[in-house]
Amino acid sequence: MAYGLKLGTVQEPGAGLIPFGVAALLGLMSIGLSVNSLFNLTNEYQEKRIFRGIEWGRITLVLFTLVGYGIAFNSLGFHICTFLLMILLLGVGGRLKWWLAITLSVLITFCVYIIFEAWLGCPFPKGSFGI
Amino acid sequence: MGLQVALEPVNLLYCFIGVLTGTLIGVLPGIGPVGAMSLLLPATFRITPIGAIIMLGGIFYGAQYGGSTTSILVNIPGEASSVITCLDGYQMARKGRAGPALGISAIGSFIGGTLAIIGLMFVAYPLAKVALRFGPPEYFGLMCVGLVVVTFLAQGSMYKALMMTLLGLILGSIGLDLFTATARFTFGIIELTDGVGIVPLAMGLFGISEILVNMEQPLQRKIYETKIKGLLPTLQDWAVCKWAILRGTILGFFLGILPGGGAIISSFASYAIEKRVSKYPEKFGTGVIEGVAAPEASNNAAAQASFIPLLSLGIPPNVVMAILFGGLLIHGIQPGPLLIQKHPDLFWGVVMSMYLGNMMLLALNLPLIGMWVKVLKVPYKILFPLILLFCLIGVYSVNNSVMDIYLMILFGIVGYVMQKFGFEPAPLVLAYVLSPMLETALRQSLNISGGNFGIFFSRPISLACLIIFAALIGLEVYSYYRPKRRNP
């Protein structure tokens, strides 16, 4: 892609010259790292399962919740999205009792409204429900 | 002028908010000053540039104070620069000397920070005058040195850190080319014509990824249950610590100025030096008070000194200063040698507020230790949703764009994978911030010289920088390929 941006000349470098050069260097280093890790040329690698024993459910929940927040942000509005986000993260992710999760979610949503919208004046979307 | 600016009630308030937030961030493991600063950066849009820098700077050096509290009481460093404090600080707590450990940590930080600010006042202005003679080749050389020093001092693999530097340079080139206005790597997405913002990048790499890492395992924290009494060190403690604090301050000051240096490196180096000069080095790690005093003085001195390259040269020496650099640009202030001349109120106001901030921190960290201990007891399962929410609010409020939320999540995933495979994010962010300036300096230099690379070698400062650059690259290559020693 950088090559397509015109490299220009040394007297007049084009838009693609620096990115092309840096990307080429990064590519070479990546190949070097791959070869080294495959054949352990510098004897610094030992086999290690870095993704073992991980609570993938909680990580997946966090990521899907964040993406869902972004998708629903304009349509549902800031306050509803924030409330739902807190319930999911506190109740499901944090495994709090449901009544505690709902209470904290309401409290947090209210505090966030006071601090960011009422005091700092941040313009958040109201969504289809106008809340 | 500086004192007048710093003593304005609103600036005092921002200073207090900054150091309080910084101490809180330092106390709480899981989010560092970079994440906190990028989180609060959008909140500074509605205040003056001076207030913004005072507050953001307060977060940075406040976090150095707060990080030692968890190191001493919980054996978990609140900040990377407080890792070394765990070694002797926690052992002192186990021996019933948590109070003196916390006390010497706060007082040592205060002394280190105050002396470094005095040094800043004497060094920054002359350095800025010298820097007025810098041209594009000199800036190119300086930035190359800064980038390679960050990789050289990386805690993990230097090779991987260098790769992250290159990746950061590419990320920094996304958007419109400054010379030809050509859109680069925007993929037709209109929000990317201004490039990737520093807020989603930093929040993703440092905030979201850190939470994802913490989600892997249930986080259990055991606070050392002891009554904290007698915060003031004894006369004997002072007798052994006074030179340690002074040595740590001087070391931290010079390491803080260097591009790529900073609070983390200085704390480790200071500990190593104290152990080397001590009459009883074998006792280090068992609860020696100098092992707490020196690193804490050093990391705070480095934190203050790292403002010098930013304010005098316009070159952020580490990733925290890179966030501040971004903050200054957003407020329409161009960091560089002319900053002190054009905005003396900002420069001297920030310097004076650092004095006041350090005094506030001493008051916050000594009598309010009990409060910070209670904060530590807040369960992480309540904290992490709050941190995520603040990240989302912060990143959206920059441009009111949902694209920034998606970018933050993307960089969060990237940052998580990077951490798992041992790639550090700090070189990436620093390179990203320096990329436009680096490319501009290079292209301007080549324009001036008509394409002749000799311009970099014909000017003394540029030549010196490139020699240092080449030497460090050579050292990195040598250390990567040298035969590893085998244990007998």
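The values are calculated or read from the model by the stated rules, or taken from the named source; none is laboratory data. On a predicted model such as this, the values are computed, not experimentally measured, just so you know. Reconstructed Cβ throughout: ideal geometry from the backbone, glycine too, with neighbour counts over all protein chains shown.
For region B:157-190, a residue qualifies if it is more than 10 Å from every other protein chain (Cβ to nearest Cβ), assigned to a helix (DSSP H, G or I) and out of contact with any Ser or Thr (no Cβ under 9 Å at 6 or more places or on another chain), and exactly one does: B:190. Of all residues in region A:11-25, those satisfying the criterion of being assigned to a loop (DSSP other than H, G, I, E, B) and either more than 7 Å from chain B (Cβ to nearest Cβ) or surrounded by fewer than 22 Cβ atoms within 10 Å (Cβ to Cβ) (or both) are A:11, A:12, A:14, A:16.
Hey, any hits in region B:367-381 for a residue that's under 23 Å from residue B:301 (Cα atoms) and not in a helix (DSSP H, G or I)? Within region B:367-381, one or more residues are under 23 Å from residue B:301 (Cα atoms) and not in a helix (DSSP H, G or I). Please tell me if residue B:107 is under 22 Å from residue B:3 (Cβ atoms), part of a helix (DSSP H, G or I) and modelled with pLDDT of 80 or more. No, not satisfied.
Answer with yes or no whether residue A:29 is surrounded by 18 or more Cβ atoms within 10 Å (Cβ to Cβ), at pLDDT 85 or above and assigned to a helix (DSSP H, G or I).
no
Quick one: how many residues across region A:88-104 are in contact (Cβ under 8 Å) with a residue 24 or more places away in the chain and not β-branched (Val, Ile, Thr)?
From region A:88-104, those in contact (Cβ under 8 Å) with a residue 24 or more places away in the chain are A:88-89, A:92-93; that's our starting set.
Those still in the list that are not β-branched (Val, Ile, Thr) too: A:88-89, A:93.
Residues flagged as in contact (Cβ under 8 Å) with a residue 24 or more places away in the chain and not β-branched (Val, Ile, Thr) within region A:88-104 amount to 3.
Quick check on region B:177-184. Is at least one of its residues under 25 Å from the mean Cα position of the chain (by Cα), farther than 25 Å from residue B:342 by Cβ and either buried (at least 20 other Cβ atoms within 10 Å of the Cβ) or not hydrophobic (A, V, I, L, M, F, W, C) (or both)? No: region B:177-184 contains no residue that is under 25 Å from the mean Cα position of the chain (by Cα), farther than 25 Å from residue B:342 by Cβ and either buried (at least 20 other Cβ atoms within 10 Å of the Cβ) or not hydrophobic (A, V, I, L, M, F, W, C) (or both).
Picking from B:420, B:377, which residue would you name as being facing chain A (nearest Cβ under 9 Å), out of contact with any strand residue (DSSP E or B) (no Cβ under 7 Å at 6 or more places or on another chain), closer than 29 Å to residue B:210 by Cα and charged (D, E, K, R)? Reasoning before the result, please.
Details: B:377 fails: facing chain A (nearest Cβ under 9 Å).
Matching residue, one of B:420, B:377: B:420.
For region B:390-406, the set of residues classified as facing another protein chain (nearest Cβ under 7 Å), closer than 17 Å to residue B:45 by Cα and surrounded by fewer than 19 Cβ atoms within 10 Å (Cβ to Cβ) consists of B:400 only.
Please work out if residue A:7 is surrounded by 14 or more Cβ atoms within 10 Å (Cβ to Cβ), at pLDDT below 85 and more than 7 Å from chain B (Cβ to nearest Cβ). Before the answer, list the steps.
Values: surrounded by 14 or more Cβ atoms within 10 Å (Cβ to Cβ): yes; at pLDDT below 85: yes; more than 7 Å from chain B (Cβ to nearest Cβ): yes.
Yes, satisfied.
Of note, residue A:71 satisfies the criterion of being assigned to a helix (DSSP H, G or I), closer than 20 Å to residue B:407 by Cβ, at the interface with another protein chain (Cβ under 9 Å from one of its Cβ atoms) and out of contact with any helix residue (DSSP H, G or I) (no Cβ under 7 Å at 6 or more places or on another chain). Note on region B:382-395: residues that are without any contact (Cβ under 8 Å) to a residue 40 or more places away in the chain and not β-branched (Val, Ile, Thr) total 4. Within region B:423-453, work out how many residues are away from chain A (no Cβ under 12 Å) and outside any helix (DSSP H, G or I). Residues flagged as away from chain A (no Cβ under 12 Å) and outside any helix (DSSP H, G or I) within region B:423-453 amount to 1. So is residue A:78 under 28 Å from residue B:44 (Cβ atoms), more than 8 Å from every other protein chain (Cβ to nearest Cβ) and at pLDDT 90 or above or not? Yes: the conditions hold for residue A:78. Here region B:154-173 is the region considered, the condition is being at pLDDT 90 or above and aliphatic (A, V, I, L, M), and the residue that is farthest from residue A:29 (Cα to Cα) is B:171. For the residues B:369, B:387, B:409, the requirement of being of a type in the set (A, V, I, L, M, F, W, C) and within 8 Å of chain A (Cβ to nearest Cβ) singles out B:409. Residue B:473 meets each of the listed conditions (1) crowded, with 17+ Cβ neighbours inside 10 Å; (2) over 26 Å from residue B:328 (Cβ atoms) apart from (1).
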